[in-house]
Amino acid sequence: MESKEIKILVEAYGSLADLRAGDRALVQHAQKASEAAYAPYSRFRVGAAALLDNGEVVSANNQENAAYPSGLCAERTALFYAGAKFPDAAVKAIAIAAQTGGKFCPHAVYPCGACRQVMRECEKRGRQPIRVIMYGERRVEVVQSAIDLLPLSFDME
Ligand code: THU
């Protein structure tokens, strides 16, 4: 029997001010995007902002639907739009922020499993790690690569 132990490094920051300037700016794009979320069912407004290697920032938000599964998370909306608009650009980083009742969540907001799967494929497609910045008003968590959030992931190989 063989075994492997998987460890991930998660950086944690006490506030937005503690982040490096580029990451802070990306979180601010995600915060702004969350304001325009279409979330009449959950009232949980999520914003995501992706920084591309061509310098573009693509931001988006969750889009819900009365037929619930037809909606889409903020992260996938942003990543699919980035893929549609800039197919040759690699994603370098993505920031996520969410608010409900007019307040941003105090804890870091983690992406759902389906979004992690899409992030991971974007990362492989771009041949460089995607830093994931998960914002919370009292704690911001950062991983250096999408693979950290989805080890042992399924892929085309
Ligand atoms: N949501 C996201 O936008 N991103 C995630 O990673 C998890 C959940 C959205 C989906 C739905 O519109 C709302 O948050 C509540 O689940």
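Residues Phe104, Phe154, Phe80, arranged from fewest to most other Cβ atoms within 10 angstrom of their Cβ, appear as Phe154, Phe80, Phe104. Shown for Thr100, Thr77: other C-beta atoms within 10 Å of each C-beta, ranked fewest to most, produce the order Thr100, Thr77.
Extension gain, Cys112 to Val10, is 35.0 nm, computed as 0.36 nm per intervening residue step minus the present C-alpha separation.
Going by neighbour counts of Cβ atoms within 10 Å, the residues Met119, Met156 line up, fewest first, as Met156, Met119. Listed by chain and number, the lysines placed with their C-alpha closer than 21 angstrom to that of Lys92 are Lys32, Lys124; residues fewer than eight positions away on the same chain are left out. Expressed per residue, the C-alpha convex hull volume of the stretch 1-100 stands at 171 Å³.
Just need the relative contact order of the chain here, percent rounded to a whole number, with Cα pairs under 8 Å and 6+ apart. After rounding, I find 23 percent.
Only the coordinates and a few stated rules stand behind these numbers; no lab work does. Everything quoted here is computed from the prediction, not taken from an experiment. FYI the Cβ positions are ideal-geometry reconstructions off the backbone, even for glycines, and counts take in every protein chain you see.
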